[in-house]
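For reference, the structure discussed in these notes is given below.
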Amino acid sequence: NSLKARLGRVLDWLGRTDPRPDVFCMQETKVADADVPTRELEALGYEVAHHGLGRWNGVAIASRVGIDAVTAGLGPSPDGWTDEGGRFIAATCGGIRVASIYVPNGRVVGSEFYAAKLAWLDKLGDWVEAARDPALELALCGDFNVAPEDIDVWDAAAVHGATHVSPEERARLARLRDLGMIDIVRRF
């Protein structure tokens with residue numbers, strides 16, 4: 001929640017982590033592209049690709065193995081939909097296609113914000129389907145704002161009927177698995 005406010009924590013984590021990650025993704029950076037603290041990350045050997053508007057959202061990929069073919073934002077799509085919210089960035093890092101995402105919250109089931117979240121997840125699914133390349137691995141990283149199963153929430157009975165756990169959101173996340181994405185948390 002704000003790369004400016006949390007930069008010290010990020011740098012401390014990188015300083016303590018051995019070995020350092022080749023690639024890491026950030027969400028909710030809340031900085032404009034011009035304000036990304038690239039100098040500090042470059043001093044640790046990272047190149048940074050960022051897509052952010054400033055005050056809200058923002059996503060980034062930091063890589064020690066190169067950043068190529070950067071794509072910021074989903075779309076535009078043939079139906080005129082475009083993602084202008086600083087919620088998606090993808091790049092090829094060391095031969096792996098990496099996407100950093102920050103899915104909209106949705107606020108309340110049935111609201112216009114919820115409908116926008118479902119549309120965004122649909123477009124993400126479309127992007128994954130189009131981006132699949134058998135010769136290139138794909139890592140989809142970030143804040144999905146969806147709990148895939150009841151075991152992923154503190155009290156399933158308390159949250160049913162709310163966003164993050166609705167059948168519609170979970171179905172869109174399941175589509176990503178159906179397209180070949182693997183929930184790495186489940187593997188471990």
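The values are calculated or read from the model by the stated rules, or taken from the named source; none is laboratory data. Given the structure is predicted, the values throughout are model-derived calculations rather than measurements. So basically every Cβ, Gly included, is an ideal-geometry build from the backbone, and we count neighbours across all protein chains shown. Calculation scope for accessible area: heavy atoms of the full protein, side chains included, ligands and nucleic acids excluded. Shrake-Rupley method; radii C 1.70, N 1.55, O 1.52, S 1.80 Å.
Tell me, yes or no, whether region 73-81 has at least one residue that is in a strand (DSSP E or B) and either free of Cβ contacts under 8 Å to residues at least 60 places away in the same chain or not aromatic (F, W, Y) (or both).
Checked region 73-81: no residue is in a strand (DSSP E or B) and either free of Cβ contacts under 8 Å to residues at least 60 places away in the same chain or not aromatic (F, W, Y) (or both).
Pairs please, first residue from region 172-188 and free of Cβ contacts under 8 Å to residues at least 60 places away in the same chain, second anywhere and surrounded by 12 or more Cβ atoms within 10 Å (Cβ to Cβ) and among the basic types (K, R), Cβ atoms under 7 Å, 6+ apart in sequence or on different chains.
L179/R132; G180/R132; D183/R177
So, in region 82-99, how many residues would count as being polar (S, T, N, Q) and closer than 16 Å to D122 by Cα?
Qualifying residue count, region 82-99: 1.
Considering every residue within region 12-27, establish whether at least one is part of a strand (DSSP E or B) and farther than 16 Å from A90 by Cβ.
Checked against the condition, which is being part of a strand (DSSP E or B) and farther than 16 Å from A90 by Cβ, region 12-27 yields no hits at all.
Filter region 33-55 for residues that are within 15 Å of S2 (Cα to Cα), in contact (Cβ under 8 Å) with a residue 12 or more places away in the chain and exposed (fewer than 15 other Cβ atoms within 10 Å of the Cβ) and give the result.
Selection gives G54, R55.
In region 158-171, which residues are more than 25 Å from R132 (Cα to Cα), in contact (Cβ under 8 Å) with a residue 24 or more places away in the chain and either of a type in the set (F, W, Y) or open to solvent by less than 60 Å² (accessible area, probe 1.4 Å) (or both)?
Across region 158-171, the qualifying residues are A162, T163, H164, S166.
Here are F144, F88: which of them is among the aromatic types (F, W, Y) and open to solvent by less than 20 Å² (accessible area, probe 1.4 Å)?
F88
Within region 67-75, is even one residue open to solvent by 20 Å² or more (accessible area, probe 1.4 Å), hydrophobic (A, V, I, L, M, F, W, C) and under 12 Å from the mean Cα position of the chain (by Cα)?
yes
Given region 83-186, what strands (runs of 3 or more DSSP E) lie entirely inside it while holding 2 or more residues that are hydroxyl-bearing (S, T, Y) and either modelled with pLDDT of 95 or more or touching a Leu at 6+ places or on another chain (Cβ under 9 Å) (or both)?
Because the criterion is at least 2 residues that are hydroxyl-bearing (S, T, Y) and either modelled with pLDDT of 95 or more or touching a Leu at 6+ places or on another chain (Cβ under 9 Å) (or both), the strands (runs of 3 or more DSSP E) in region 83-186 that meet it are 96-102.
Six or more apart or on different chains, Cβ under 6 Å: which pairs go from a residue in region 94-113 that's loosely packed, with under 15 Cβ neighbours inside 10 Å to one that's among the polar types (S, T, N, Q)? Could you list them?
Pairs that qualify, where the first residue is loosely packed, with under 15 Cβ neighbours inside 10 Å and the partner is among the polar types (S, T, N, Q), are N105/N145.
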